[in-house]
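The values are calculated or read from the model by the stated rules, or taken from the named source; none is laboratory data. Predicted model only: the values in this text are computed from it and were never measured. We place every Cβ from the backbone using ideal geometry, glycine too, and count neighbours over all the protein chains shown.
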Amino acid sequence: MKHTHASKRRAFTLIELLVVIAIIAILIGLLLPAVQKVREAANRMSCTNNLKQIVLANHNYHDTVRSFPMGCYIPFAGDGVHECQDITFPFGPNWAVYILPYIEQDNVFKSVNVNAYPGLDLSVPGNLTNYAAYDRSWRALRGVTIPTYMCPSDGNNRKPYNDTSGVDCPAEAGWARGNYAATSGFTDCDHTTNGSDCLGNNPFNGNGKDGVVPGNPLNPAVSKGPIFFFSTSPQYTSRIADITDGTSNTIMFNEVRAGISPLDARGVWALGHPGSSTTNAGRNYNPTPNNTLDSPDGQTFGDELQYAYKFWYYGLGQKGMGCFPNTSGDQDNSAMARSQHVGGVNCGFSDGSVRFIKNEIDQFTWCILQSKNDGFVLPSID
């Protein structure tokens, strides 16, 4: 009687197993960048669509009200008035609040009485600076996440700005993030109050200290031309007719990044200050988008923020979030456009188009893109 013996199956050797694992790791390594590239392309497209909706919403607001919304309503604002640069004071609603009904967020807008601000008769002597009496009830909407204001490439925009210290921060905590900021020219925010062109302010003010107009020996002073700014009353706003440089040549909205720290108020949609929902930088120490300038040995480069001392460290600039290593009691002065996209930032132009501006753009070209009435011929930005 014959007996058949089943042949034994040879198992993988350790070396063969390691080779298979190595091959799989190599394949993953080859595929992962491609997957990430596709994901980022989709994120950038979504970001582009957000900006288009925001610009369109502002135009629809303009059609209704006959002007664009206020950048931020601050009755006590003024050139050299540091209270308007201090986020502990009762600043009012900003552009992002006013356009909520135009981005299908009418329920959020109606959840508060935005028009209750400032809540006191400013014609009465003493009321303008009676800061404790201002109606801040509109801020109840501050914690609502607005999808249209969120760039999917920013991994920090789900973490709210949440400073409960009571020092160099608003009285309220829990502010939702956002990634889009209205252009407010390219000089400190108090200077452009009520839409001032700020010819005498740096940069490019004609004295050559902080920027020289390229190819122009006369080095004329350049209008900062903000579309959005601190308004002391609703009568101070911009209109389409004010954009004399042409709507296709003028940026209306830039990207900003959400703060890496919960104590960093950059990227906060309902807070109408530099870095939160406005951009206005362009001087030599913060000249172009996504710059990686840092502040070694007491030097000052990057965004000028009131609260930066709470989280600043040397090296933050290399992460694209540079700021002054300031001290308590400073003001919010200026901030630059920043994004998590590779190589540049998305910018919404006044004609409704969205263009990707590369980090390599020169300082002068970046600045005149932010101005509605500088009068210069725009170089190629493609």
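Looking at the stretch 168-175, can you tell me whether even one residue there is closer than 23 Å to Ser231 by Cβ, surrounded by fewer than 20 Cβ atoms within 10 Å (Cβ to Cβ) and either touching a helix residue (DSSP H, G or I) at 6+ places or on another chain (Cβ under 9 Å) or not small (Gly, Ala, Ser) (or both)?
Within the stretch 168-175 (the criterion being closer than 23 Å to Ser231 by Cβ, surrounded by fewer than 20 Cβ atoms within 10 Å (Cβ to Cβ) and either touching a helix residue (DSSP H, G or I) at 6+ places or on another chain (Cβ under 9 Å) or not small (Gly, Ala, Ser) (or both)), the answer is yes, since at least one residue qualifies.
If the requirement is being surrounded by fewer than 20 Cβ atoms within 10 Å (Cβ to Cβ), among the small types (Gly, Ala, Ser) and in contact (Cβ under 8 Å) with a residue 12 or more places away in the chain, which of these qualifies: Gly302, Gly329, Gly322?
Exactly one of Gly302, Gly329, Gly322 is surrounded by fewer than 20 Cβ atoms within 10 Å (Cβ to Cβ), among the small types (Gly, Ala, Ser) and in contact (Cβ under 8 Å) with a residue 12 or more places away in the chain, namely Gly329.
Spot the failing condition for Asn201; the list is (1) within 30 Å of Thr64 (Cβ to Cβ); (2) more than 19 Å from the chain's Cα centre (by Cα); (3) surrounded by 17 or more Cβ atoms within 10 Å (Cβ to Cβ), and only one is missed.
(1)
Based on what the data block shows, is Gly155 over 19 Å from His273 (Cα atoms) and either surrounded by 15 or more Cβ atoms within 10 Å (Cβ to Cβ) or within 18 Å of the chain's Cα centre (by Cα) (or both)? Show your work before the answer.
On the way: over 19 Å from His273 (Cα atoms): yes; either surrounded by 15 or more Cβ atoms within 10 Å (Cβ to Cβ) or within 18 Å of the chain's Cα centre (by Cα) (or both): yes.
It is true that Gly155 is over 19 Å from His273 (Cα atoms) and either surrounded by 15 or more Cβ atoms within 10 Å (Cβ to Cβ) or within 18 Å of the chain's Cα centre (by Cα) (or both).
Failed condition for Ile243, given (1) under 27 Å from Asp135 (Cβ atoms); (2) buried (at least 17 other Cβ atoms within 10 Å of the Cβ), with all others met?
Unmet condition: (1).
Would you check which residues across the stretch 213-240 are over 17 Å from Gly185 (Cα atoms) and either touching a helix residue (DSSP H, G or I) at 6+ places or on another chain (Cβ under 7 Å) or hydrophobic (A, V, I, L, M, F, W, C) (or both) and list them?
Within the stretch 213-240, Pro214, Leu218, Thr232 meet the criteria.
Regarding Tyr309, is this residue in a helix (DSSP H, G or I), more than 13 Å from Asn249 (Cβ to Cβ) and of a type in the set (Ser, Thr, Tyr)?
yes
Give the residues of the stretch 111-148 that are in a loop (DSSP other than H, G, I, E, B), of a type in the set (Phe, Trp, Tyr) and either over 26 Å from the mean Cα position of the chain (by Cα) or modelled with pLDDT under 95 (or both), sorted by residue number.
Looking only at the stretch 111-148, we keep the residues that are in a loop (DSSP other than H, G, I, E, B), and these are 111-113, 117-130, 134-136, 142-146.
Within this subset, residues satisfying the condition of being of a type in the set (Phe, Trp, Tyr) are 117, 134.
Answer for the stretch 111-148, where residues must be in a loop (DSSP other than H, G, I, E, B), of a type in the set (Phe, Trp, Tyr) and either over 26 Å from the mean Cα position of the chain (by Cα) or modelled with pLDDT under 95 (or both): just Tyr134.
If you take the residues in the stretch 228-272 that are in a loop (DSSP other than H, G, I, E, B) and hydroxyl-bearing (Ser, Thr, Tyr), which one is nearest to Gly80 (Cα to Cα)?
Residue satisfying both the conditions and the ranking: Thr232.
When the residues of the stretch 55-92 are filtered to those that are hydroxyl-bearing (Ser, Thr, Tyr) and in contact (Cβ under 8 Å) with a residue 24 or more places away in the chain, which remaining residue is farthest from Gln105 (Cα to Cα)?
Top of the filtered list is Thr88.
In this structure, is Asp330 more than 18 Å from the chain's Cα centre (by Cα) and modelled with pLDDT under 95? First the steps, then the outcome.
Working: more than 18 Å from the chain's Cα centre (by Cα): yes; modelled with pLDDT under 95: yes.
Yes, satisfied.
Out of all the residues in the stretch 182-199, which are of a type outside the set (D, E, K, R) and in contact with a His (Cβ under 9 Å, 6 or more places away or on another chain)?
Gly185, Cys189, Cys198 - these are the residues of the stretch 182-199 that are of a type outside the set (D, E, K, R) and in contact with a His (Cβ under 9 Å, 6 or more places away or on another chain).
Is at least one residue of the stretch 218-227 part of a strand (DSSP E or B), touching a strand residue (DSSP E or B) at 6+ places or on another chain (Cβ under 6 Å) and closer than 27 Å to Gly322 by Cβ?
no
Only one residue in Ser223, Ser248, Ser295 is farther than 19 Å from Pro379 by Cα, surrounded by fewer than 24 Cβ atoms within 10 Å (Cβ to Cβ) and small (Gly, Ala, Ser). Which one? Please lay out each step first, then the result.
Values: Ser223 fails: farther than 19 Å from Pro379 by Cα; Ser248 fails: farther than 19 Å from Pro379 by Cα.
Answer to the check: Ser295.
Quick grid of which residues meet (1) over 22 Å from the mean Cα position of the chain (by Cα); (2) at pLDDT below 95; (3) within 23 Å of Ala337 (Cβ to Cβ):
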| residue | (1), (2), (3) |
| --- | --- |
| Thr164 | yes, no, no |
| Gly174 | no, no, no |
| Asn179 | no, no, yes |
| Ser184 | no, no, yes |
| His191 | no, no, yes |
| Asp197 | no, no, yes |
| Asn207 | yes, yes, no |
| Gly211 | yes, yes, yes |
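Those residues that are in contact (Cβ under 8 Å) with a residue 24 or more places away in the chain, out of contact with any helix residue (DSSP H, G or I) (no Cβ under 6 Å at 6 or more places or on another chain) and assigned to a loop (DSSP other than H, G, I, E, B), I need them from the stretch 190-211; list them, please.
Step one: list which residues in the stretch 190-211 are in contact (Cβ under 8 Å) with a residue 24 or more places away in the chain, which gives 190-199, 202-204, 210-211.
With the extra rule that they be out of contact with any helix residue (DSSP H, G or I) (no Cβ under 6 Å at 6 or more places or on another chain), the set shrinks to 191-199, 202-204, 210-211.
Residues satisfying the conditions are His191, Thr192, Ser196, Asp197, Cys198, Leu199, Asn202, Pro203, Phe204, Asp210, Gly211.
Counting only residues that are of a type in the set (Gly, Ala, Ser), part of a loop (DSSP other than H, G, I, E, B) and surrounded by 24 or more Cβ atoms within 10 Å (Cβ to Cβ), which one in the stretch 333-350 is farthest from the chain's Cα centre (by Cα)?
Once the filter is applied, the top-ranked residue is Ser350.
Looking at the stretch 276-286, can you tell me whether even one residue there is in contact with a Lys or Arg (Cβ under 8 Å, 6 or more places away or on another chain), closer than 15 Å to Gly302 by Cβ, buried (at least 22 other Cβ atoms within 10 Å of the Cβ) and of a type in the set (Gly, Ala, Ser)?
no
Would you check if Ala42 is of a type in the set (Gly, Ala, Ser) and modelled with pLDDT of 80 or more?
yes
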